[in-house]
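Taking it in order: structure first as structure tokens, then the write-up.
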Amino acid sequence: MTTSVVVADRITKRYAGHTAVHDLSMEVPSGGIFGLLGPNGAGKTTTIRMLMSIITPDDGRVTLFGGAGSGRDLSTRIGYLPEERGLYPKMRVLDQLAFLGEAKGLSRWDARKRAKAWLERLGLGEWSARKVSDLSKGMQQKVQFAGALQHDPDLLILDEPFSGLDPVNSQVMKEVVVDVARSGRTVLFSTHIMEHAEKMCERIVIVARGEKVVDGPLAQVKRDFGKSQIALAFTSNIATAHRLLQDRSLVLRADDLGATAEAELAAGIEPEALLRALVMAGVGLSRFEVVDPSLESIFIAKVGPEAARPVAREVAV
Amino acid sequence: MNKIFAVIRREFIERVRTKSFLIGTFLFPVMFGVFGYLPSALMQRETGARGLVLLDGTTGGTGQRLAAAFDSVTIGDGPGALARYRVVRVEAGGRLDALRDSVVRQIGLRDGPVDAADGILILTGEAVDSGKVTYLGSNVTSFRDMSRLERVLEPRLREERLRRQGAPANVVDAAAIQLDMQATKVTEGKTTGVSSEASFFLAYIINFLMYMTLLLYGIQVMSAVIEEKSTRIVEVLISSMTPFQLLMGKVIGVGAVGLVQIGIWGVTGFYVTSLFKGGASASAGMAVDGTARSMTLPAVNPDLVIVVLVFFLLGFFLYSSLYAAIGAMCNTQQEAQQANTPITMLIGLGMLSMFALINEPSGTMARVLSFIPFFTPIVVPVRYAIAPLPLSEVLLAVAVMLLGIAGTVWLGARIYRVGVLSYGKKPTFKELWRWARTS
């Protein structure tokens, strides 16, 4: 039985006009990757800032590592990558990284040693004496990432870690995160991109409009969501297919993407009934598969399509 | 504590390493020398001989004696000294107006002859009696030229008047003796050998120095806060140390840079002035009179250097926490440049108050200004430069400053704490008050 690394107990944060986070409780068990999911503006960053004690909750409390210390007191054991990232542009890369280590409580000598090692590991060794402003955006992101990791924290909190990264760097970062989790440490990251969470997380919490809507191990969440989804891909008579997916006696909910769709069947309807209806209507099918619900569809179902995919919606219209 | 130290070291090293620090350290004294010395040096620059036409309408040798008096005036002292005036005496002989007009026509011509007259002095019997003399010239805007003319003319005319009254020669000679007052500063019952100009000059330097450094270093703190805010690095830092630790580290780090820089200037000043102490003198007077009295450099005593350093530090803490709060309120340097005006004006007022102090450095006004924390850091060192204050008064001023600092740091830290994480619209005064009150 391992204790929880992070416990948030009914935390609430209000700002002048609105409540950013309302009555949110969550527990992050030791080890593994934990996903904090939610659409933009759901309160993810505010939650993380409260966990880090950058801001104090108006109500409720945060417990880290089962003790009384705040995130700031325990910063030696926590690595943190905020959503809005930055470095001192005029500072040399190595000095910068060493300073971040010292801010975390490392000794100067230790901080410099680790900073050097990390720069080598990320392939930035020859840039150590250059100014940060000489680095490309991607290199700067790597330096920031190293800044969060160099003191070997037990808990790594990453706010939207993969946003703004090109696929190659994104992959490098993901591997590092998986490595950290594999070594028995805990990673908590927030994202609004479900693919990342689906591939990496063991447990998730979904927040929307400041409140928690889903909480649990990913497998459990999928099971609880219940009904299997039907993954469909159409080759012809797509319009007819769409009309059938609107038929509420067959389909409870459909995530219609044009040439492909995910459908959730209405109560008491077997997959065969939908297949028969599609075939009878003359719809050409290249795929008809009973699948686990995707995290994306769970997310949309729980959060509502408006909040979940503002960009996709704009494209569709 | 280690974290504060890391912030202090970063601020210090990153700043001292910049070219602007190096340039500033060496350029400031040079600049100060240029601005402090050059104007007076330029005004005292010798301009060469002046052509003077003496239109003589007098009788009884008055004109000749005056011409001889002008002839004997030299530029500087010593055997090789050149004559200051090229004097041409013209007998008026009843054609005074016509002669005057013909000479005036040649004055100030752009393409005139090389040794043309610069001015014409009209001397009549009545002029000697009444003391009302007319001078027409191209150089009347020069205070110095005019005062030099007066210094020659005045005693000579007095002499002529006495002569006309039949005064004996010894009375005439006694009346011709000129005033030459040497003002020397007395401090705590001891004469210092420092002239009044030198002591004014030192107070002027200290005033300017305090004003510049408080302003420059205060604004550096403000810029540093905005830099951290706009590059968003502040959030990582705030996650591992308290905003107060970060603020204090920054303020102490920047303050240390200031201390080093002023220390370098102070030691240099002390060394340079003690080099010149033994008799050598530099002419850097503010005086505009004709004697061009050379001035001994003011002594920079170690106790003055200490007072300057202590009050710089106190003033810097007072103002920089306010500047940090301004930085935290704003999103861009441009925004902050406007928002800091009230604070910059407070420092400016402190500097201007020097001109109220200089006449009465120990008066009521000076005392009151010494105990208003916003003015103390400039007023006390300036007063100290004019005349050292009793230790009790200095300590009281320090105590007042510490109280003031406690106030501004409290306010600054509270605004800073909320401000560094707030982006967007600049807060209103009402919002600022709410920031300050939230625990």
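Of the helices (runs of 4 or more DSSP H) lying entirely inside region B:372-439, those containing at least 3 residues that are open to solvent by less than 20 Å² (accessible area, probe 1.4 Å) span B:376-386, B:391-419. The C-beta contact set for region B:387-406 (first residue closer than 16 Å to B:LEU318 by Cβ and touching a residue at least 12 places away in the same chain (Cβ under 8 Å), second residue of a type in the set (S, T, N, Q) and open to solvent by 50 Å² or more (accessible area, probe 1.4 Å), distance under 9 angstrom, 6+ apart or interchain) is empty.
Considered as a group, the residues in region A:48-96 that are within 11 Å of chain B (Cβ to nearest Cβ) and of a type in the set (Phe, Trp, Tyr) include one that is nearest to B:LEU237 (Cα to Cα), and that residue is A:TYR80.
Whether any residue in region A:53-60 is open to solvent by less than 40 Å² (accessible area, probe 1.4 Å) and within 18 Å of the chain's Cα centre (by Cα) is what I want to check.
Of the residues in region A:53-60, the ones open to solvent by less than 40 Å² (accessible area, probe 1.4 Å) are A:53-55, A:57.
Next cut, within 18 Å of the chain's Cα centre (by Cα) only: none.
Checking region A:53-60: not a single residue is open to solvent by less than 40 Å² (accessible area, probe 1.4 Å) and within 18 Å of the chain's Cα centre (by Cα).
In region A:212-258, the qualifying residues are those that are of a type outside the set (S, T, N, Q) and on the phi > 0 side of the Ramachandran plot, and the one that is modelled with the highest pLDDT is A:GLY216. Can you tell me which residues in region B:5-20 are under 16 Å from B:MET241 (Cα atoms), facing another protein chain (nearest Cβ under 10 Å) and crowded, with 16+ Cβ neighbours inside 10 Å? The answer is B:ALA6, B:VAL7, B:ARG9, B:ARG10. Within the set A:GLY31, A:GLY43, A:GLY35, the sole residue that is surrounded by 16 or more Cβ atoms within 10 Å (Cβ to Cβ), out of contact with any Cys (no Cβ under 8 Å at 6 or more places or on another chain), away from chain B (no Cβ under 11 Å) and under 15 Å from A:VAL205 (Cβ atoms) turns out to be A:GLY43. Scanning region B:103-125 for any residue that is of a type in the set (Lys, Arg) and outside any loop (DSSP other than H, G, I, E, B) turns up nothing.
Note down all Cβ pairs under 9 Å where the first residue falls in region B:228-241 and is within 7 Å of chain A (Cβ to nearest Cβ) and open to solvent by 10 Å² or more (accessible area, probe 1.4 Å), the second is part of a helix (DSSP H, G or I) and of a type in the set (A, V, I, L, M), and they're at least six residues apart or on different chains. Cβ pairs passing all conditions: B:VAL236/A:LEU100; B:VAL236/A:ALA103; B:VAL236/A:ALA148. Of all the listed residues (A:PHE145, A:PHE99), the sole one being part of a helix (DSSP H, G or I) and in contact with a Lys or Arg (Cβ under 6 Å, 6 or more places away or on another chain) is A:PHE99.
Go through the residues of region A:197-205 one by one and say whether even a single one is farther than 29 Å from A:PRO89 by Cβ, part of a loop (DSSP other than H, G, I, E, B) and away from chain B (no Cβ under 14 Å). Yes.
The sole residue among B:GLN220, B:GLN245 that is part of a helix (DSSP H, G or I), within 12 Å of another protein chain (Cβ to nearest Cβ), closer than 16 Å to B:VAL7 by Cα and open to solvent by 10 Å² or more (accessible area, probe 1.4 Å) is B:GLN245.
The values are calculated or read from the model by the stated rules, or taken from the named source; none is laboratory data. Since this is a predicted model, take the numbers as computed values, not measurements. When we count neighbours, we look across all protein chains shown, and the Cβ atoms used for this are built from the backbone with ideal geometry, even at glycine. Only protein heavy atoms, including side chains, enter the accessible area calculation; ligands, DNA and RNA are left aside. Shrake-Rupley method; radii C 1.70, N 1.55, O 1.52, S 1.80 Å.
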